[in-house]
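*Asks:* Structure incoming, see below.
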Amino acid sequence: MGKRYERLTTPLVRVDGELREASWDEALAAAADGFRRSTPQATGMFSCSKATNEMNYVAQKFARTVLHTNHVDSCNRT
């Protein structure tokens with residue numbers, strides 16, 4: 001049997017290169033701040049071919065309208 005991994009029950013944030021436990025509000029704020037600092041050229045969206053057409057549509061719409069990027073890809077093209 002393979003290794004068993006324990007599931008995280010508390011979000012983690014990286015401070016000075018080290019991970020530490022954080023509240024959900026702090027972790028979500030850190031994630032939002034990371035998105036705010038990124039550029040559209042550094043952001044992309046990958047969607048799955050097993051998702052519904054509607055889900056893939058919402059993913060590309062989110063990428064284009066919220067993240068302001070046209071970097072959208074999926075495994076549909078392979």
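The values are calculated or read from the model by the stated rules, or taken from the named source; none is laboratory data. Here the structure is a predicted model, which means the values were calculated and not measured. Backbone-built Cβ (ideal geometry, glycine too); neighbour counts: all protein chains shown.
*Asks:* Tell me, which residue of segment 1-54 that is over 25 Å from Thr65 (Cα atoms) and basic (Lys, Arg) is modelled with the lowest pLDDT?
*Replies:* Lys3
*Asks:* If you don't mind, there's one more thing I want to ask. Do you know which of the residues in segment 15-55 that are in a strand (DSSP E or B), touching a strand residue (DSSP E or B) at 6+ places or on another chain (Cβ under 8 Å) and free of Cβ contacts under 8 Å to residues at least 12 places away in the same chain is surrounded by the fewest Cβ atoms within 10 Å (Cβ to Cβ)?
*Replies:* Taking segment 15-55 and keeping what is in a strand (DSSP E or B), we get 15, 18-21, 45-47.
Add one more test, that the residue is touching a strand residue (DSSP E or B) at 6+ places or on another chain (Cβ under 8 Å), and what stays is 19-21, 45-47.
Of the ones still in play, those that are also free of Cβ contacts under 8 Å to residues at least 12 places away in the same chain are 19-21.
On the way: Leu19: 9, Arg20: 11, Glu21: 12.
It comes out as Leu19.
*Asks:* Next up: Check Thr65 against each of (1) surrounded by 10 or more Cβ atoms within 10 Å (Cβ to Cβ); (2) within 17 Å of the chain's Cα centre (by Cα) and name the one condition it does not meet.
*Replies:* Of everything listed in (1) surrounded by 10 or more Cβ atoms within 10 Å (Cβ to Cβ); (2) within 17 Å of the chain's Cα centre (by Cα), Thr65 misses just condition (1).
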